[in-house]
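Notes follow once the structure below has been shown.
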Amino acid sequence: MILAGKLLNAKKAAKIGLVDYVVHPNLLENFAQEQMLKIINDGGKKRRKVYQPKGAVNKLLEGPLKGIVFSKAKQGVLKLTKGHYPAPLAALEIIRKTYGVDPTNKSDREAALEIEKEHFAECAVTDISKNLIHVFYLTEMVKKQTGVSSGVKGKPVKHLGVLGAGTMGGGIAYVAADKGIDVRVKDISLDANAKALKHARDLWGKLVKKKVIDNYQFSQKMSLVSTGLDFAGFKNIDVTVEAIVEDMGIKQKVIGQTAAQMRPDAIIVTNTSSLSVTEMSKGHPHPEYFAGMHFFSPVHKMPLVEVIRGEKSSDETIATVFELAKKMGKMPVVVKDGAGFLVNRLLLPYMGEAFFLLTEGMSVEKVDKAYVYQFGMPMGPFELMDSVGLDVCVKVLNIFKKAFPDRVEVPELMQKLEKNKARLGQKTNLGFYKYDSSGKKLEVDQSIYSELGLPAPTNPYSDQECLERGVFAMVNECALALDADKIVETPHEVDLAMIMGTGFPPFRGGLLKYADSVGADYIRKQLEKYSTERKANRLRPSVKLKERAEKQLKFYN
Ligand SMILES: NC(=O)c1ccc[n+]([C@@H]2O[C@H](COP(=O)([O-])OP(=O)(O)OC[C@H]3O[C@@H](n4cnc5c(N)ncnc54)[C@H](O)[C@@H]3O)[C@@H](O)[C@H]2O)c1
């Protein structure tokens with residue numbers, strides 16, 4: 001609990017003796033009063049013993065094996081944090097130094113508190129601590145926001161429609177129903193509908209097994225999701241999320257058909273990852289009731305939702321969708337319509353750069369390891385491409401190239417990736433890596449190099465170059481997205497979106513906090529160096545990055 005800041009549910013807390021009683025919320029006040037009276041009537045005596053862990057753990061911590069226990073615990077922390085977070089190690093060290101101190105002995109207790117104070121002070125002044133506090137404030141910022149500046153309030157959403165019961169539709173239906181929203185899913189395939197229901201049942205089933213919810217709550221949640229092949233029930237629906245095939249013509253047509261079945265003031269949002277929301281809104285008879293709501297996969301795990309404002313989306317629509325995302329337990333960020341919106345626009349140059357490194361002789365392992373162990377990404381760019389789907393990456397990168405032909409380059413060899421239908425990433429159990437049938441990542445598939453016509457990797461570049469080319473490519477694009485295109489309004493939104501949507505290391509405070517820490521001038525110099533040495537036009541510093549470098553302007557003032 002201490003090392004991971006883990007929260008316990010009430011039942012578990014009672015079981016391990018951390019709280020005295022667990023009572024139903026309706027009884028809480030009366031029960032608490034009765035207990036207080038008992039304590040007062042008892043004369044305010046101490047009523048709890050000092051908490052002592054029972055059995056084996058206790059003996060191990062006091063016996064000669066204490067050193068081994070702490071070194072194992074330290075290894076466990078390092079495995080999880082890759083050494084990027086000093087606080088859990090400091091907490092472990094405090095426990096090691098103070099375990100077994102008798103808290104009733106005043107001088108021992110004070111000496112122990114002194115040790116805690118010293119370690120706390122060491123951690124509190126680090127940049128890592130400041131960055132994590134910054135991330136905390138970013139999430140608090142969203143709680144207070146409404147998604148619009150006009151003061152217009154959103155409408156409550158009690159009934160949600162979902163079009164398409166595939167990967168995304170199924171995930172969206174589960175997350176909404178989990179938060180008590182009544183969901184109606186419509187697909188054109190019975191099979192897809194059945195899969196969406198199974199997806200929800202499996203996820204709630206796991207919660208029942210873990211005793212997070214009971215059987216009654218399980219059936220209550222299940223009863224909130226219904227599916228169909230027609231529009232039955234759509235008259236009652238407040239918001240419909242469209243998550244069908246990524247095809248502008250089909251989407252526009254289906255949106256028109258859906259709008260005709262809903263109340264005239266009901267809202268439709270699209271979950272498209274690459275198509276223009278403004279263009280798509282032409283399929284809706286009242287485009288002011290249309291916007292984008294871009295979830296990330298897997299929906300039940302990824303906290304970010306990009307709320308995309310089409311040219312005609314009304315404030316009320318945006319405020320409603322923003323509130324809905326929060327109700328679903330997500331972190332919404334309002335983004336202007338534009339190729340790749342925000343997160344994909346920044347991720348694409350990063351993934352593309354990894355592919356260029358591969359073609360220049362770097363190995364998949366070396367690049368991914370540098371990103372995970374040195375930079376702190378949850379996964380490297382190749383594993384990320386595998387999880388997104390190699391066909392999807394190529395398709396979206398091509399869309400991106402069409403939108404920004406002057407600066408986006410798609411590696412020639414990358415087009416090959418789309419062609420081998422057996423190697424589309426995690427979904428086919430083969431991509432840059434091999435996967436077992438449960439989707440668990442195994443080793444790198446060494447035949448990837450010969451399949452792409454590449455010689456065996458020689459790893460000619462340093463980790464520093466691999467990291468800087470990918471990360472600075474994102475900063476370079478971000479300077480344009482923020483300063484020129486105003487895709488979002490502030491650096492805060494960029495950092496929140498990158499942390500919540502891609503797992504950008506929180507201890508770095510987000511992409512732009514990190515950029516500020518190294519400085520725009522350094523980033524510009526390095527990009528100039530790499531673009532010249534590697535003959536890579538795409539890495540030339542953008543106008544907006546140069547401006548920041550010349551004026552020594554930070555992203556955060
Ligand atoms: N998969 C991702 O990682 C991801 C992430 C973000 C956004 N998206 C976007 O979400 C959308 C759906 O993607 P997906 O991965 O869930 O696709 P999917 O192929 O898993 O599911 C699409 C579903 O839509 C159904 N469908 C097709 N036409 C329909 C119609 N007229 N009415 C109702 N249902 C219809 C299909 O039967 C299928 O079940 C796409 O626009 C995609 O770009 C996908």
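In the chain, helices alone account for a calculated mean residue ellipticity at 222 nm of -15500 deg cm²/dmol, with every DSSP H run of four or more residues adding -39,500 (n - 2.57).
Of the GluC sites (Glu not before Pro) found in the stretch 309-351, the ones in coil according to DSSP and having at most 14 other Cβ atoms within 10 Å of their Cβ are GLU311. Shown in residue order for the stretch 66-71 are the 3J(HN,Hα) couplings computed by the Karplus curve 6.51 cos²θ - 1.76 cosθ + 1.60 at θ = phi - 60°: 3, x, 5, 4, 5, 6 Hz (x for Gly and Pro). Here the dipole of the stretch 10-127 is about 640 debye; that uses its Cα centre as origin and unit charges on the Cβ of Lys and Arg (positive) and Asp and Glu (negative).
Distant-in-sequence amide contacts of TYR433, defined by a placed amide H-H separation under 5 Å and a gap of 5 or more residues or a different chain, comprise ASP445.
Sequence-distant contacts, meaning Cα pairs under 8 Å at least 6 residues apart, place the relative contact order of the chain at 11 percent. Farthest towards the positive end of the charge dipole of the stretch 344-550, among the residues ALA549, LEU390, GLY510, is the Cα of LEU390, using unit charges on the Cβ of Lys, Arg, Asp and Glu.
Computed 3J(HN,Hα) for the stretch 127-141, one whole-Hz value per residue from the Karplus formula 6.51 cos²θ - 1.76 cosθ + 1.60 where θ = phi - 60°, is 5, 4, 4, 4, 5, 5, 5, 4, 5, 4, 5, 4, 6, 5, 4, glycine and proline marked x. Computed about the Cα centre, the dipole magnitude for the chain is approximately 1640 debye when only Lys and Arg (+1) and Asp and Glu (-1) carry charge, each at its Cβ.
Note that the stretch 13-24 has calculated 3J(HN,Hα) couplings of 4, 5, 4, 8, x, 7, 10, 6, 9, 10, 10, 5 Hz, one per residue in order, obtained from phi through the Karplus relation 6.51 cos²θ - 1.76 cosθ + 1.60 (θ = phi - 60°); glycine and proline are x.
Comparing Cα centroids, the stretch 515-557 and the stretch 254-308 end up 36 angstrom apart. Antiparallel beta bridges, as assigned by DSSP with both residues in the chain, represent about 25 percent of the total such bridges.
Measuring nothing but protein heavy atoms, the accessible surface of the chain at 1.4 Å probe radius is 57 percent carbon and sulfur. Farthest toward the positive end of the dipole of the chain, out of ALA200, ASN41, CYS478, is the Cα of ASN41, where the dipole comes from beta carbon charges about the Cα centre.
What the Cα convex hull of the chain gives, in volume per residue, is 196 Å³. In the full protein context, the chain carries 51 Å² of accessible surface per residue, based on a 1.4 Å probe and ignoring ligands, DNA and RNA.
The values are calculated or read from the model by the stated rules, or taken from the named source; none is laboratory data. These numbers come from a predicted model, not from an experiment. Backbone-built Cβ (ideal geometry, glycine too); neighbour counts: all protein chains shown. Just the protein is used for accessible areas: all its heavy atoms, side chains included, with ligands, DNA and RNA removed. Shrake-Rupley method; radii C 1.70, N 1.55, O 1.52, S 1.80 Å.
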